[in-house]
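Just below is one structure, and these are the notes that go with it.
Nothing in this text is a laboratory measurement; each read-out follows from the coordinates by a stated rule. The shown structure was predicted, so the numbers you read here are calculated from the model rather than taken from an experiment. Heads up, the Cβs are rebuilt from the backbone with ideal geometry, glycines too, and the neighbour counts pull from every protein chain shown.
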Amino acid sequence: MRSLLFVPADSEKKLAKAFDAGADALILDLEDSISHANKPLARNLAHAFLVAHGAKPDRPLLMVRVNALDSSLTDDDLDAVVPARPDAIVLPKAEGGTDVGDLDARLKSREAAHGLSEGSIKIMAIATETARAVFNLGTYQGVSKRLIALTWGGEDLSAAIGAQTNRDENGRYTEPFRLARSLCLFGAVAADAEPIDSVFPAFRDLEGLRRECEEALRDGFTGKMAIHPAQVAVINEIFTPTQAAIAAAQAVVDAFASNPAAGVIGLGGNMLDRPHLIRARRLLARIKS
Ligand code: COA
Ligand code: MG
């Protein structure tokens with residue numbers, strides 16, 4: 001997944017625009033972008049959207065962000081959308097692997113009730129939205145086979161800790177948020193889940209978005225969430241491996257394949273050992289998925 005576009009699920013207009021926006025995944029939102037009064041409408045429209053588009057070929061992944069586990073809205077959200085078979089549920093304000101286990105159980109019973117195969121609905125957790133959550137980023141390993149991605153958010157965390165801002169005068173995240181971002185990256189990789197970078201809220205600033213995408217790619221994130229259709233093309237461009245990167249990765253894999261007994265190899269004046277091979281394989285796997 002390179003780009004994951006949020007779509008407030010109470011907006012017929014935005015839902016209509018989203019399907020062809022070019023995103024690898026859509027996140028139909030039932031949480032923070034939906035007022036309390038509009039939750040039932042958003043659930044109905046999300047259900048209808050999944051039914052209308054679920055069977056189409058070559059479609060984006062269809063995900064639904066439900067309300068947080070402590071909101072008392074989660075079960076109603078799941079009851080509304082699970083029968084329409086979303087590809088994944090996005091869990092906001094996750095505070096560790098236990099919360100993913102909790103959601104896993106709620107999905108399991110509903111899959112059984114609706115004749116869906118167990119585990120078919122995946123999970124992406126938003127894992128840095130409270131102070132407590134930040135301390136639990138290392139707890140996602142082995143909790144659920146459904147967990148395909150971890151991502152982070154700076155807006156709710158900012159409110160949670162009472163920060164005056166989460167960016168400095170150059171538009172870069174300040175230290176507490178960079179820490180959350182880094183821990184999310186490590187937590188995702190440790191849990192064998194995709195690390196997905198947070199949204200870039202200034203949706204008219206595509207240069208700023210590009211810079212943040214480049215930094216995310218540099219550090220190991222494999223994709224980024226979007227809030228506006230105009231952000232999708234930039235994100236897709238940056239997170240699509242270039243021909244040069246693919247060729248370089250293939251050269252590393254080939255070098256080890258033709259020297260099966262070697263632990264370390266010199267290639268083009270650089271030392272290559274196991275970490276380089278892992279990184280190359282990971283890049284090649286990404287273009288196949
Ligand atoms: N998905 C689908 N369509 C979207 C969209 C989205 N996320 N954001 C905007 N659009 C549509 C608009 O409806 C508009 O359609 P139109 O041309 O038919 O009028 C078009 O794209 C251009 O939108 P624009 O006028 O530039 O922005 P806006 O002022 O209408 O909307 C936001 C700005 C931020 C309110 C909107 O982008 C949005 O709702 N984003 C998602 C917010 C969200 O889900 N937040 C939760 C996660 S952090
Ligand atoms: Mg939020």
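Grab the other residues whose beta carbon is less than 12 angstrom from that of GLU111, score K and R as +1, D and E as -1, and report the net.
Neighbour charge sum, excluding GLU111 itself: +4.
Compute the separation of the alpha-carbon centres of the range 55-71 and the range 258-289 and state it in Å as a whole number.
Result: 35 Å between the Cα centres.
Can you bin every Cα-Cα distance in the range 129-280 into 10 Å intervals starting at zero and give me the percent of pairs per bin, rounded to whole numbers?
The percentages, shortest bin first, are 10, 31, 31, 20, 7, 1.
Which distance in Å, rounded to a whole number, links the C-alpha centroids of the range 90-160 and the range 181-240?
For the range 90-160 versus the range 181-240, the Cα centre distance is 19 Å.
What is the gain in length, in nm to one decimal, between ARG210 and ARG282 on full extension, counting 0.36 nm per residue of separation less the C-alpha to C-alpha distance?
23.7 nm
Looking at the square roots a ≥ b ≥ c of the eigenvalues of the Cα gyration tensor of the range 108-194, which shape do they give, rounded for a/c under 1.5, prolate if a/b is larger than b/c, or oblate?
In terms of gyration-tensor shape, prolate.
Nearest 0.05, what FRET efficiency do SER120 and ASP58 give at R0 = 25 Å with Cβ-Cβ as r? Mind showing how you got there, number by number?
On the way: r = 19 Å, r/R0 = 0.77.
E between SER120 and ASP58, to the nearest 0.05, is 0.80.
For the range 60-143, just say rounded, prolate or oblate: build the C-alpha gyration tensor, square-root its eigenvalues into a ≥ b ≥ c, call rounded for a/c under 1.5, and beyond that prolate if a/b exceeds b/c, oblate if not.
It comes out prolate by the Cα gyration axes.
Using a 10 Å cut-off on Cβ atoms, rank the peptides 220-227, 233-240, 154-161, 48-55 from the highest mean neighbour count down.
On the way: 220-227: 22.8, 233-240: 18.9, 154-161: 17.1, 48-55: 15.1.
The peptides rank, most packed first, as 220-227, 233-240, 154-161, 48-55.
What residues from the range 202-240 fall in the zone where the backbone N is under 18 Å from a label point 7 Å along the Cα-to-C-beta line of ASP20?
229-233
Stokes-Einstein at 25 °C, 0.890 mPa s, Kirkwood radius from Cα pairs: D for the range 243-288 in µm² s⁻¹?
The Stokes-Einstein estimate is 231 µm²/s.
How long, wide and thick is the range 58-104, going by the Cα atoms along their three principal axes, in whole angstroms, largest first?
Dimensions of the range 58-104 along the principal axes of its Cα atoms: 34, 20, 14 Å.
Given an 8 Å cut-off on Cα distances and at least 6 residues of separation, report the relative contact order of the chain as a percent.
Relative CO of the chain lands at 15 percent.
Can you figure out the FRET efficiency of ARG178 with PHE135, using R₀ = 22 Å and their beta-carbon distance, to the nearest 0.05?
For ARG178 and PHE135, the calculated efficiency is 0.85.
Computed over the Cα atoms of the range 12-164, what is the ratio Rg over Rh, Rh following Kirkwood?
The Rg/Rh ratio comes out at 0.96.
With each run of n ≥ 4 DSSP H residues scored as -39500 (n - 2.57), what mean residue ellipticity at 222 nm is computed for the chain after dividing by its residue count and rounding to the nearest 500 deg cm²/dmol?
Roughly -14000 deg cm²/dmol at 222 nm, from the helical runs in the chain.
Excluding GLU212 itself, calculate the net charge of residues whose Cβ lies under 9 Å from the Cβ of GLU212, where each Lys or Arg counts +1 and each Asp or Glu counts -1. All intermediate terms of the calculation are to be shown ahead of the outcome.
On the way: positive: ARG172, ARG210, ARG211, LYS224; negative: ASP197, GLU214, GLU215.
Here the charged neighbours net out to +1.
Sort 71-77, 111-117 for me by packing, meaning the mean count of neighbouring Cβ atoms within 10 Å per residue, highest on top.
Peptide ranking by packing, descending: 71-77, 111-117.
Run the quick spin-label model on GLU237 and ASP102: label points 7 Å from Cα toward the beta carbon, then report their separation in nm to one decimal.
4.2 nm
Which of the lysines could a cross-linker bridge to LYS122, judged by Cα under 21 Å and excluding same-chain residues fewer than eight apart?
In chain and number order, the partners are LYS56, LYS93, LYS108, LYS145, LYS224, LYS288.
Name the most mobile residue of GLU214, GLU169, GLU118, meaning the one with the largest mean-square fluctuation, in a Gaussian network model of the chain with Cα contacts below 10 Å.
Highest fluctuation of the listed residues: GLU169.
Would you be so kind as to identify which of PRO241, LEU45, PHE200 lies farthest towards the positive end of the dipole of the chain, taking Lys and Arg as +1 and Asp and Glu as -1 on Cβ and the Cα centre as origin?
PRO241
Report, to one decimal in Å, the Kirkwood hydrodynamic radius for the chain based on all distinct Cα pairs.
Across the chain, the inverse of the average 1/r is 19.9 Å.
Report the semi-axes of the equivalent ellipsoid for the range 95-159 in whole Å, largest first, where each axis is √(5λ) for an eigenvalue λ of the Cα gyration tensor. Walk me through the numbers on the way to the answer.
Values: eigenvalues 127, 25, 17 Å².
Each semi-axis is √(5λ); the values are 25, 11, 9 Å.
At a Förster distance of 30 Å, what's the computed FRET efficiency of ARG218 paired with ALA262, Cβ-Cβ distance as r, to 0.05?
With R0 = 30 Å, the Cβ-Cβ based efficiency is 0.60.
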